[in-house]
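Written below as structure tokens is the structure these notes are about.
The values are calculated or read from the model by the stated rules, or taken from the named source; none is laboratory data. None of these values were measured; they are calculated from a predicted model. Glycine also receives a Cβ, built like all others from the backbone with ideal geometry; neighbour counts cover every protein chain displayed.
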């Protein structure tokens, strides 16, 4: 990319978010285009396909009022960049990084390509510092680790925002006082939802340490394609240049994927499942894989993407492809929500793939892994038996079976359920788990070593060994 | 082979990873080209007159029409020679550690690093003398690549002739000729390194039938759904069902001489885990670091899609090369679905007519070509060498739906199917291999080995276990309709037996130091223990004991923990459990 800017007035086709410019030369793939409308209004675009005489440009914003006569396209000779600086902390931007808070655009310390580069797997540090979110069902059963990408799979009307705000507020690595920052990227969420986050950040003082990018529901859908990339480029700068531990919240990925589908359809590409483009996996990976840690650098990027599953369907392409890339998932359940349980996290389909390395002696507690295992097995058994009760009634079950059902009920009310302001330590969570497990006959605790039972089981607590 | 003039064209179109260049007269299909001013690596995937369609193995942003494209005259090849073991490569065999030195923490495009260190000296011991006549596959000499694996330097497959020079024992770089051959085409110097195009299978003398099991130390696999040495297996499962853990377990514990692990389009942090963990692992057989007999290929999901497509072929070619030396090689590909998706993505950019779910129509034949390169073989070259490549491919079906094209096309080829089940995973029953829908076509083949090496009655016990598990499924269906009350005591006992099988044998905790690997001897003893329990329980029930009482015997939870008993103490611990079992049943009779 060596040429400077060139300007053309030869727009020949406009179709959906796509504009075709003919008679061009030397246009690079991925180059940024400044479009000037007949009215003098300016918009941005990006080259999706470049041919000898023709450039196919994706227009950010809408293509309304563009024409094939007077509209000019100025090819800037640059790919999409963002000027990043520490000064961005505390600021609010729109989906393409223009200030929304009335302030002047910050003076960048560095210009960075928003697409970033893949971290060499060899340079990656394997994440192992567990984050205490203060939420039992996450900390106890799906521990989050610094450098992880752990999405929240939610549904319309479920309290994912409340949960994300609680995690942001309470998340800490214990025993460490370090620089942290929050990067928040909204894609197609409503004003109300965005206002909730901004006011929560303001109330708790997190705003000073946050960079906020807002592409709201009434903003152009196409801009959603770049919003998460701006956010992650900023996060990479803060994490790997400034040594901060950055928590990135991306919401709502489903809206992002809709935008991807819209562009793909406008380009008349061969559609994959449910009309989403075949490269959606690769595209999502280019977002999610920007989480992590790098050897020899202090900072980290932890991602909590939020996505709403259309019709609560976990096999829908958006949650499905995400689940294959992210390191686990936190799944919200409408059933638990209806029962009035907050956070309505159903632990059974949840998973944290990095949990094993983040828990255990010296990190959380020695019994953590086995207690977690036992909780899963016992709750799954309780749920299975509840299904049976619906058919045959309680009388048909053995005493042990009935204990499992009691366990499952109390587990939901006492372990999963907690207040939006309640912050439980790892120990409090594990002790609570032991209290519940002690409902079951000791012989049922087959997933826990006897030495741990003697040490932590309430029946033995306080006894000399 | 050489072209008369250099093949040099100009880019006329760029769209994502696909570039079209004109003026490429003389270019060949699958030739490697250098694209643009930055000389990015690309491969020709279609030709139309002088127009070549190229898939580029690196990010193409910033590339524009008018930039040059230069042919290299060779197809995508890998370097084969000492130095492969213990190295981690990307999908087109660039060593990631060296890339890190050259381009830093992030992979910058256009970085070019030789696959094998050209300056490193290897101690070469010749095995031929001038005057010897040799042909493709014959051994020229030996290099001690890693303490456990002598690296045989072989005559490249297509060559034969008379040795005219051979160096003395000493240290040489991989590019110095160690022998000179007079062949039909004249004198050729043979260095330790040779090149092979990844998309072509290396020649073999003969394919042999599989006979022995590939021991994995994973109980449900070795016992119920074994894979044979030289066999093929697929592990499909929805996300979170433990595909990657199973693949890692097999890479760590399978009794192969060489393990090639291809991380194809998977997570960066997972590869970091492999990189952090595998060097610390000991080879259970030699006590040396496990990494000494492994090659890792990491093309994470955010690395260029075309290199992802190439990575499985790169892995397979390395596997075949070690098989040529007479080794047992295991190749793990995680995940073949990402490879298929890479094919779909490229196919879409080429605007090809799509087949099922947008996958190209040639998906099935590509998968078949790949898996067919596995097998136990007699290698080419003088002397009867026998080697094998066993392939284990993970499949990631969208939504866990096994009817999708990649799973179905894979099942048509592979002989072993380990179906992972999200319900089992939700219950934290790992490995979450569903015993009802999985199968192995090698069961009959490997029974002989087990009967001879583990102990008598293996086959009988195994089929009884399957019968009990089948029966459990039928009974559970019934319980769902009518409740457990109506079951006769005999059936309740079957349910208990199935529970013991699941808890004591099938469930295995990969992160427990002793449970993670079970030797054939221990597995046999565990199965025996479970059958002793069944015999006692059946006796007790027929003389009037209730299944519910047997279920609450303390020995049941000791059986469930058999897997965690260290290998070297089973001879003292297991008899202890057995006598406890007898006592508890005896007291049952008394009460």
Just one listed residue, out of B:307, B:298, B:276, is within 14 Å of chain A (Cβ to nearest Cβ) and either surrounded by fewer than 20 Cβ atoms within 10 Å (Cβ to Cβ) or assigned to a loop (DSSP other than H, G, I, E, B) (or both), and it is B:276
Residue match in the range A:72-79 (condition: touching a residue at least 24 places away in the same chain (Cβ under 8 Å) and in a loop (DSSP other than H, G, I, E, B)): no
Name the residue that is surrounded by the fewest Cβ atoms within 10 Å (Cβ to Cβ), counting only residues in the range A:269-285 that are over 18 Å from residue B:335 (Cβ atoms) and in contact (Cβ under 8 Å) with a residue 24 or more places away in the chain. A:274
Considering only the range A:20-77, how many residues are within 14 Å of chain B (Cβ to nearest Cβ), under 36 Å from the mean Cα position of the chain (by Cα) and within 15 Å of residue A:5 (Cα to Cα)? 13
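Within the range B:58-88, which residues are in a strand (DSSP E or B) and within 14 Å of chain A (Cβ to nearest Cβ)?
Passing the criteria: B:68, B:69, B:88.
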Output the residues belonging to the range B:469-499 that are away from every other protein chain (no Cβ under 14 Å), within 18 Å of residue B:527 (Cβ to Cβ) and surrounded by fewer than 19 Cβ atoms within 10 Å (Cβ to Cβ). B:469, B:470, B:471
Go through B:238, B:210 for me and flag whichever is over 12 Å from the mean Cα position of the chain (by Cα), farther than 25 Å from residue B:324 by Cβ and outside any helix (DSSP H, G or I). B:238
Is it fair to say residue B:330 is in a helix (DSSP H, G or I) and within 17 Å of the chain's Cα centre (by Cα)? no
Number of positions in the range A:358-367 that are away from every other protein chain (no Cβ under 12 Å) and in contact (Cβ under 8 Å) with a residue 60 or more places away in the chain: 5
If residue A:307 satisfies every condition in (1) more than 13 Å from every other protein chain (Cβ to nearest Cβ); (2) closer than 27 Å to residue B:358 by Cα; (3) part of a helix (DSSP H, G or I) but one, which is the exception? (3)
Residues being within 11 Å of chain B (Cβ to nearest Cβ) and assigned to a loop (DSSP other than H, G, I, E, B): count how many of those fall in the range A:310-357. 13
Kindly provide the set of residues from the range B:525-555 that are in contact with a helix residue (DSSP H, G or I) (Cβ under 7 Å, 6 or more places away or on another chain) and more than 17 Å from residue B:489 (Cβ to Cβ), ordered by number. B:525, B:526, B:527, B:529, B:530, B:531, B:532, B:554, B:555
Need pairs with beta-carbon distance below 9 Å; first residue away from every other protein chain (no Cβ under 12 Å) and within the range B:420-432, second modelled with pLDDT under 90 and part of a helix (DSSP H, G or I); sequence gap 6+ or separate chains. B:420/B:243; B:420/B:400; B:421/B:400; B:431/B:245
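This table checks each residue for (1) within 21 Å of residue B:310 (Cα to Cα); (2) buried (at least 16 other Cβ atoms within 10 Å of the Cβ); (3) in contact (Cβ under 8 Å) with a residue 60 or more places away in the chain.
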site	(1), (2), (3)
B:95	yes, yes, no
B:98	yes, yes, no
B:102	no, no, no
B:117	no, yes, no
B:121	no, no, no
B:124	no, yes, yes
B:133	no, no, no
Going by the conditions given, is residue B:445 more than 14 Å from chain A (Cβ to nearest Cβ), surrounded by 18 or more Cβ atoms within 10 Å (Cβ to Cβ), touching a strand residue (DSSP E or B) at 6+ places or on another chain (Cβ under 8 Å) and over 30 Å from residue B:361 (Cα atoms)? yes
Within the range B:249-271, of all residues that are in a helix (DSSP H, G or I) and within 23 Å of residue B:309 (Cβ to Cβ), the one farthest from the other protein chains (Cβ to nearest Cβ) is B:251
Those residues that are more than 23 Å from residue A:115 (Cα to Cα) and modelled with pLDDT under 90, I need them from the range A:7-41; list them, please. A:15, A:16, A:25
Is there a residue in the range B:380-400 that is closer than 28 Å to residue B:512 by Cβ, within 12 Å of another protein chain (Cβ to nearest Cβ) and without any contact (Cβ under 8 Å) to a residue 40 or more places away in the chain? no
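Listed here are the residues, each with its yes/no results for (1) closer than 21 Å to residue A:442 by Cα; (2) touching a residue at least 40 places away in the same chain (Cβ under 8 Å); (3) outside the structural domain of residue B:475 (by TED's automatic domain parsing).
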| position | (1), (2), (3) |
| --- | --- |
| B:500 | yes, yes, no |
| B:529 | no, yes, no |
| B:536 | no, yes, no |
| B:544 | no, no, no |
| B:557 | yes, no, no |
Given (1) surrounded by fewer than 19 Cβ atoms within 10 Å (Cβ to Cβ); (2) touching a strand residue (DSSP E or B) at 6+ places or on another chain (Cβ under 8 Å), index of the condition residue A:293 fails: (1)
Failed item, numbered, when residue A:295 is tested on (1) out of contact with any helix residue (DSSP H, G or I) (no Cβ under 7 Å at 6 or more places or on another chain); (2) farther than 11 Å from residue A:151 by Cβ; (3) within 12 Å of another protein chain (Cβ to nearest Cβ): (1)
Looking for something part of a strand (DSSP E or B) and farther than 23 Å from residue B:358 by Cα - is there at least one such residue anywhere in the range A:269-282? no
I'd like to check something: does the range B:332-353 contain any residue that is over 29 Å from residue B:90 (Cβ atoms) and within 14 Å of another protein chain (Cβ to nearest Cβ)? yes
Which residue out of B:523, B:546, B:559 is buried (at least 21 other Cβ atoms within 10 Å of the Cβ), at pLDDT 90 or above and within 11 Å of chain A (Cβ to nearest Cβ)? B:559
Go through the range B:407-430 and give me each residue that's more than 17 Å from the chain's Cα centre (by Cα) and either in a helix (DSSP H, G or I) or modelled with pLDDT of 95 or more (or both). B:408, B:409, B:422, B:423, B:424, B:425, B:426
Restricting to the range B:99-143, name every residue that is within 9 Å of another protein chain (Cβ to nearest Cβ), farther than 24 Å from residue B:339 by Cα and part of a helix (DSSP H, G or I). B:100, B:103
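The rows are residues; the columns are (1) closer than 28 Å to residue A:268 by Cβ; (2) outside any strand (DSSP E or B).
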| site | (1), (2) |
| --- | --- |
| A:13 | yes, no |
| A:32 | yes, no |
| A:43 | yes, no |
| A:50 | yes, no |
| A:55 | yes, no |
| A:58 | yes, no |
| A:62 | yes, yes |
| A:66 | yes, yes |
| A:82 | no, no |
